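The values are calculated or read from the model by the stated rules, or taken from the named source; none is laboratory data. These numbers were taken from a predicted model, which means no experiment stands behind them. Cβ placement follows ideal geometry from the backbone for every residue including glycine, while neighbour counts extend to all protein chains displayed.
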Amino acid sequence: MAKILLVTGGSRGIGAAVCRLAAKAGYTVAINYQRDAEAAEAVARDCRAAGATAEIFRGDMAIEADIERVFAEVDAKLGRLTHLVNNAGITGRSSPLDQAAAQTIRSTIDLNVTGAILAARAAAQRMAKRNGGQGGAIVNISSVAAGLGSPGEYVWYAASKGAIDSLTIGLAKELATERVRVNAVSPGMVDTEIHALSTGDAGRVARIAPLIPMRRVGEAHEIASAVLYLLSDEASYVTGANLAVSGGR
């Protein structure tokens, strides 16, 4: 069976690392991006250099119409989806909750929660046996923030990832007899550009690193390795799991 993987938010950070590693593992890779076509195409070139078929698909994963269109375009260009990494997400600018703008909270929930649920729905419509699918695997990107709460930084983001944890548990049980496995990876502090671009707190990585038991932040490829394990047949009896990749935090 061809392994056709869609990675939402695949043009940078953890998503891009997943795309590159998946290409080396023999997946056909669909790279979703919102704005930066050049960055997405650079990831696609790396995937093709590894011998994989790779295409880029523009769409805002907070908008239902875009989600439906992207999944349909993947079907048309690459074939019926077998794997999804639900990775697209934002934090919003860091602040205590009582200083956060309502739009910051709303935008985070729209993408991290509603968009992720709608993407999982679209994947289930294609993978589940009852829908004519051949099965597959979904990996949701959560965060250890769900358990830490992120006080003083972005409790709304932590809450959004708590929702992803619940989505993973429920959908894993719902699809367990449909040959679709659903798991999550919860990264800790990872050295990606999200800290400067989304939180507005460029010094956060250096500030938090000493608080991590391993005394260092993670790299995107370390998260990607965990994701690829959960996508793979090596995890054939794993569903509903949430793997923390956090240096012990």
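Annotations for the structure displayed:
- Some residue of segment 211-232 being in contact with a strand residue (DSSP E or B) (Cβ under 6 Å, 6 or more places away or on another chain), of a type in the set (Gly, Ala, Ser), at pLDDT 90 or above and over 30 Å from LEU97 (Cα atoms): yes
- Within segment 40-67, residues that are free of Cβ contacts under 8 Å to residues at least 12 places away in the same chain sit with their Cβ atoms under 8 Å from residues that are of a type outside the set (Gly, Ala, Ser), at 6+ positions apart or across chains, in these pairs: ASP66/ASP60.
- The number of residues in segment 132-158 that are in a helix (DSSP H, G or I) and touching a residue at least 40 places away in the same chain (Cβ under 8 Å) comes to 5.
- Which numbered condition THR199 misses (of (1) under 18 Å from ALA146 (Cα atoms); (2) modelled with pLDDT under 90; (3) outside any loop (DSSP other than H, G, I, E, B); (4) not hydrophobic (A, V, I, L, M, F, W, C)): (3)
- Here VAL217 fulfils each of the conditions (1) closer than 30 Å to ARG121 by Cα; (2) in contact with an Asp or Glu (Cβ under 6 Å, 6 or more places away or on another chain) apart from (1).
- Selection within segment 160-176 - in contact (Cβ under 8 Å) with a residue 24 or more places away in the chain and not charged (D, E, K, R): SER160, ALA163, ILE164, LEU167, THR168, ILE169, LEU171, ALA172, LEU175, ALA176
- For ARG35: the one exception among (1) free of Cβ contacts under 8 Å to residues at least 60 places away in the same chain; (2) in a strand (DSSP E or B): (2)
- When residues of segment 127-146 are limited to those that are among the polar types (S, T, N, Q) and surrounded by fewer than 19 Cβ atoms within 10 Å (Cβ to Cβ), the one nearest to the chain's Cα centre (by Cα): GLN134
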